[in-house]
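Readers should treat all values here as calculations from the given coordinates under stated rules, not as data from a laboratory. Since the structure is predicted, the reported quantities are computational estimates derived from the model, not experimental observations. Here the Cβ positions follow ideal geometry from the backbone for every residue, glycine too, while neighbour counts run over all protein chains shown.
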């Protein structure tokens, strides 16, 4: 089948605060801003954060004490740059293989004396689908499309209650 | 909205399974239905929903139809994330600036 390349999503925002502050809010204080409606689990989200080290989790804790990982930190360069994989289920643990994850890079550039341009690039969506060498290995495991679809099903359940 | 259709199409586990099977390449309904706990006509119904959502496309091959994944539906996935990050960054900016003001006022 033809491999599908999906263009990255690129976004930027100017924040009236220095890069170090923005970096901290983006990671440690994730819970204070991450849209609650986009949880991968039913129930009330009571905490979320991006742990401050390579290998750290991007996770959310719910009121039933379950913790769900969104991804893992692969680059931790405060206050300039952050890279994390975008996973969608705890199955990640038993099916390691960054080849099936999309990834998110966040950069923080000082803008003036007291401002920061924060740029987000969410890329490699096609890794979650078909095509690509890494995907070939994962295609028969629990990875690939199944995960992506579970993700959307999860979002969908949240967004469109019966 | 096109995305709504994509999400609701994928919300059904059997439909996800049908869609997932097309990952490996185009297939006719008879092959797609093999091993699934539903009838062939149910699979056809699922395919219709997936097709309406733009997730699969089909073409005639003699008397039967061959289904394949339609890249246009995948583009909808990207569109979804596009909107998602818009929302997230608006919220992030507000939080970062609110807390920055608080810290400044402490100085």
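Just a few scattered comments:
- Sorted by Cβ density within 10 Å, fewest first, the residues A:33, A:76: A:76, A:33
- Once the Cβ-Cβ distance of residue A:44 and residue B:31 is raised to the sixth power relative to R0 = 45 Å, the FRET efficiency obtained is 0.55.
- Shielding of B:92-105 by partner chains, average beta-carbon count, 10 Å: 6
- Among B:39, A:74, A:85, a tally of other beta-carbon atoms within 10 Å of each Cβ gives an order, fewest to most, of B:39, A:74, A:85.
- Neighbour-count ranking [beta-carbon atoms within 10 angstrom, fewest first] of B:91, A:102, A:113: A:113, B:91, A:102
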